[in-house]
Each structure stands twice: as structure tokens, then as C-alpha cells.
Amino acid sequence: MKIIEAGGARLPAIGLGTWRLSGPAASDIVARAIEFGYRHIDTARMYANEREVGEGIRRAGIARDELFVTTKVWWEDLAEGRLQQAAEAAIEALGIGPVDLLLIHWPNAGVALEESIGALNDTIGRGLTRHIGVANFTSAMMDEAVAISAAPLVCNQVEYHPFLSQEAVLDACARHDMALVAYSPIGRGGELLNDPVISAIAERHGRTPAQIVLRWEVQQARVAAIPRTSNPDRLRENFDVFSFELAEDEMDRITGLTKRRQRLVDPDFAPNWDRV
Ligand code: 1BO
């Protein structure tokens, strides 16, 4: 398993995303993922599954320090005091002690960045998390947040796949010793996985298109990916991307697809993505 070192943290390059997983299915897949070798689990207050994710982690019976667990506070909970309360509720629901990484899930233009980043920093002092970071920040917002934060910001978690360039965010990650954690890393499946460039490379390596896409992500210096699945076979497939390598020209051809700019997750509270 490749480890991404950023901002003083060590993130396993493949993690399990849990957005839209709920109930016993969420606990089951988390426990299975850990048994299978996953060491990075991602959840959020907004997913309303922290209790089940925690249950799956406890069921797997792994030593806590062998697992990297991330959760996120929702954009409506970023005010001083409210953010800390949300973090406390997350820790209580998970029931595994402090998390490894606590993120601001989306920026909120209605709360000053000084206030939300200050409150996020405070969660470290309160023993709620070991590290902090952000999600869905533009590169300009990353620059501002890093300048304000006392503790290093470990990552920016953003949508990233071969149909969406994140060049500006990747540059900002390199400037600030941060990781890019890719959500929706295989897009919506269909169109991306049937793309002729991806299919041809998959055929050449005897791998699935999803494995090629995930390999393209984790072969980049600062990128981790958190594919979500509730299917045990996919769990295995998504994790098996460290025993082969893409050639430089294959990496370049896949990177060439990112000019399509197909953004899949763009809620009405999202920031102005063009503010790079
Ligand atoms: C509203 C989208 C959340 C994904 O983490």
C-alpha cells in the first residue's frame, strides 16, 4: 500500500469512501474492507452513517493506530463553537476515540475563514482529531486557509477523475505540502470507464478500466483516492492497483482527458470553481 505523506500525516493512498452507504450495509462493507487490507476509511457528518462506520471498524478488531479515519463537518456548522460541537458529535457517534483527520466538508462564504479555520484548529487542542484539512476548496481558498491555519492542512478532498482537471488544486497541494484526496475517483462509471483511451490501456495491462483510472490517480505524487462501493468484488478490485504501473505516455494520455471538465458534484452551495 502506498502512503502519501502530507502536512505531517500519513494517508494510505486507497481508502473506502462511504457517501450514500447506510445501515448494516455500511458496517458490513467497512468491516470487510478492513479485513481485506484497507487502512483508510472516509465518512462525514452529512453521510449520517458515522455510527455504522464506527461499528464496522470495531467489528474488524484492528488496532486503532493501524487505521486512518477521516470525518467532515458540514458547511452549515462552521461557526466558532458550532464546529467544535459537530466534531464532538462525530467522535461520539464513531466511538473509536479521536479521528485521524477532520475536514471542513464545503466552504461557507457566510462564515469568515479566520473563524472556521480557527475553530478547526481548536479541535486538535480538544483532542478530537490528530490532523485537519479541507474539502471542496478552490486553490485560491487553499492559499487563504493555509495562511490562516496554525496547524498544517493535510489535504483538500475534491472530486477528481480523468474527466475533471484539478491542475490548480494539485499545484496548490505541492505549494503547501498537502494531499489531494479524490472523491468520485471513477466518475459515474459508464462513460468514463468505456472511454476508448481507458479501455485500450486496460486491455494492454489485463486490468479493468476502474483499476486503470484508480492507478492513474494513485501514481501521482500527492493523490489518494476513496472509491465507494457496497460490492465486495469491487472492494477487492479497487484495492488491487499497486501491483502494476502505467507508463509515462499512458499517464499523459489519461491526463489529456481531463480537459472535458465534467463535474458531477456541484450543489448550489458549492464555491465558484473558477476562482483559482
Ligand atoms: C454533497 C456531496 C458530499 C460528498 O462528500
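Residues satisfying the criterion are absent from the stretch 173-194 (criterion: more than 16 Å from the ligand (Cβ to nearest atom), of a type in the set (Val, Ile, Thr) and either closer than 30 Å to GLU144 by Cβ or touching a residue at least 12 places away in the same chain (Cβ under 8 Å) (or both)). Residues of the stretch 103-129 that are within 16 Å of the ligand (Cβ to nearest atom) and of a type outside the set (Phe, Trp, Tyr): LEU103, ILE104, HIS105, PRO107, ASN108.
Taking (1) surrounded by 15 or more Cβ atoms within 10 Å (Cβ to Cβ); (2) within 16 Å of the ligand (Cβ to nearest atom) in turn, ARG32 satisfies each apart from (2).
Considering only residues of the stretch 166-210 that are touching a strand residue (DSSP E or B) at 6+ places or on another chain (Cβ under 8 Å) and of a type in the set (Val, Ile, Thr), which is surrounded by the most Cβ atoms within 10 Å (Cβ to Cβ)?
Pass one, the stretch 166-210, residues touching a strand residue (DSSP E or B) at 6+ places or on another chain (Cβ under 8 Å): 166, 169-170, 172-173, 176-187, 192.
If we keep only those that are of a type in the set (Val, Ile, Thr) as well, we get 169, 181, 186.
Values: VAL169: 22, VAL181: 32, ILE186: 25.
Selected residue: VAL181.
Would you say PRO271 is outside any helix (DSSP H, G or I) and touching a Ser or Thr at 6+ places or on another chain (Cβ under 6 Å)?
On the way: outside any helix (DSSP H, G or I): yes; touching a Ser or Thr at 6+ places or on another chain (Cβ under 6 Å): yes.
So PRO271 passes the test.
Among the residues making up the stretch 35-60, those that are buried (at least 24 other Cβ atoms within 10 Å of the Cβ) and out of contact with any helix residue (DSSP H, G or I) (no Cβ under 7 Å at 6 or more places or on another chain) are HIS40, ASP42. Residues in the stretch 130-160 that are within 13 Å of the ligand (Cβ to nearest atom) and either basic (Lys, Arg) or farther than 13 Å from LEU103 by Cβ (or both): GLU159, TYR160. For VAL213, are the conditions met, namely being away from the ligand (no atom under 16 Å from the Cβ), at pLDDT 95 or above and crowded, with 21+ Cβ neighbours inside 10 Å? Considered against the rule, which asks whether it is away from the ligand (no atom under 16 Å from the Cβ), at pLDDT 95 or above and crowded, with 21+ Cβ neighbours inside 10 Å, VAL213 comes out as yes. Here is the figure for the stretch 146-157: residues that are under 16 Å from ALA168 (Cβ atoms) and surrounded by fewer than 24 Cβ atoms within 10 Å (Cβ to Cβ) total 1. Among the residues of the stretch 19-29, count how many are within 16 Å of the ligand (Cβ to nearest atom) and either of a type in the set (Val, Ile, Thr) or open to solvent by 60 Å² or more (accessible area, probe 1.4 Å) (or both). Number of matching residues: 3. Filtered by the rule that a residue be crowded, with 22+ Cβ neighbours inside 10 Å and either closer than 21 Å to LEU16 by Cβ or more than 16 Å from the ligand (Cβ to nearest atom) (or both), the stretch 61-90 gives PHE68, VAL69, THR70, THR71, LYS72, VAL73, LEU83, ALA87, ALA90.
Taking the criterion of being of a type in the set (A, V, I, L, M) and closer than 23 Å to VAL158 by Cβ, the residues of the stretch 236-276 that qualify are VAL241, LEU246, MET251, ILE254, LEU257, LEU264, VAL265, ALA270, VAL276.
The values are calculated or read from the model by the stated rules, or taken from the named source; none is laboratory data. Here the structure is a predicted model, which is why all the values come from computation and not from measurement. Ideal geometry is used to build each Cβ from the backbone, glycine not excepted, and the neighbour counts take in all protein chains shown. These accessible areas exclude ligands, DNA and RNA; they are computed on the full protein's heavy atoms, side chains included. Shrake-Rupley method; radii C 1.70, N 1.55, O 1.52, S 1.80 Å.
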